[in-house]
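Some notes on the structure that comes next.
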Amino acid sequence: MSTAARKNGIRVCIDRGGTFTDCVASIPVPVSEEHPSGRKELVVKLLSVDPSNYPDAPREGIRRILEIATGKPHSRDQLVVTENLESIRMGTTVATNALLERKGQRCALLISKGFKDLLLIGNQSRPKIFDLSITKPDVLYQAVVEVEERVTLVGYTSSPMGIVENIDPNDPTYVKGISGEYVHILQKPDMEKVRKQLQDLYGQGFRSIAVCLLHSYTFVNHEQAV
């Protein structure tokens, strides 16, 4: 199919939930009084897990949409024919559900040294300030590893360009972050030590980690190295 034809093809959006999978398709049709935009909508709803009928819900939804839109059979045993598809977009709540239900792999948190209790402490907000029996939600990780590294923001500037005076451009410990702010690298992580810490976690059965280092919103290098 040509690029021009594909741009006027079938657009599919999928919401893959824990119980149901919803597929919404925008199908090109001749312009008419009923379809002045030259498109009509089609909704397909099916169970997210139904192994006796299909192995994968999103693919099954696309298959059914193609059968309805083209009027041609699309076998479950064959790969989905994509020549009539312009785009496929999919979102899922499976990961969110796993977190809420405490399912899936155990997770370890890697955080800058000195901040291991940061997520446990939180921001100390009190939505029920007079409640005498506070139940704090459990954290989502089962172990904490402190990474010996430190990055600080340099001074303060009101300049929209993020310009900070008195910085030696030849000093590699001063870096301009992606937000325009300058950071000062006080200590780089010891990657051999980090590797040993990760190996210890792996030996304890951890297969999932979350990395949260100081000021990584603007300086991502240390997180990426880990």
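A few notes on this one:
- Note on region 103-122: residues that are polar (S, T, N, Q) and either closer than 21 Å to residue 150 by Cα or in a helix (DSSP H, G or I) (or both) total 1.
- When each of 75, 52 is tested for being surrounded by fewer than 14 Cβ atoms within 10 Å (Cβ to Cβ) and modelled with pLDDT under 90, the lone residue that passes is 75.
- Answer residue from region 11-29, given it is among the small types (Gly, Ala, Ser) and in contact (Cβ under 8 Å) with a residue 24 or more places away in the chain and is nearest to residue 61 (Cα to Cα) among those: 25
- Scope region 45-85; condition under 20 Å from residue 19 (Cα atoms) and either acidic (Asp, Glu) or without any contact (Cβ under 8 Å) to a residue 24 or more places away in the chain (or both); matching residues: 49, 50, 51, 52, 53, 54, 55, 56, 59, 60, 63
- Looking at region 131-177, none of the strands (runs of 3 or more DSSP E) lying wholly inside it contains 1 or more residues that are at pLDDT below 80, assigned by TED's automatic domain parsing to the domain that holds residue 195 and farther than 30 Å from residue 207 by Cα.
- Top-ranked residue in region 78-114 [being of a type in the set (Gly, Ala, Ser) and surrounded by fewer than 12 Cβ atoms within 10 Å (Cβ to Cβ); ranked as nearest to residue 64 (Cα to Cα)]: 91
- Condition check for residue 85: of a type outside the set (Lys, Arg) and at pLDDT below 85: no
- Residues in region 200-226 that are part of a helix (DSSP H, G or I) and not aliphatic (A, V, I, L, M): 200, 202, 203, 221, 222, 223, 224.
- Close Cβ contacts (under 8 Å, 6 or more residues apart or on different chains) running from residues in region 211-226 that are at positive phi to residues that are of a type in the set (A, V, I, L, M, F, W, C) and crowded, with 18+ Cβ neighbours inside 10 Å comprise 215/151; 215/183.
Residues are listed down the side, and each one gets a yes or a no for (1) touching a His at 6+ places or on another chain (Cβ under 8 Å); (2) of a type in the set (A, V, I, L, M, F, W, C); (3) free of Cβ contacts under 8 Å to residues at least 40 places away in the same chain:
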| residue | (1), (2), (3) |
| --- | --- |
| 97 | no, no, no |
| 103 | no, no, yes |
| 108 | no, yes, no |
| 117 | no, no, yes |
| 152 | yes, no, no |
| 197 | no, no, no |
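The values are calculated or read from the model by the stated rules, or taken from the named source; none is laboratory data. Computed from a prediction, not measured in an experiment: that's the story for all the values here. Because the Cβ atoms are built from the backbone with ideal geometry, glycine has one as well, and the counts that use them run over all protein chains shown.
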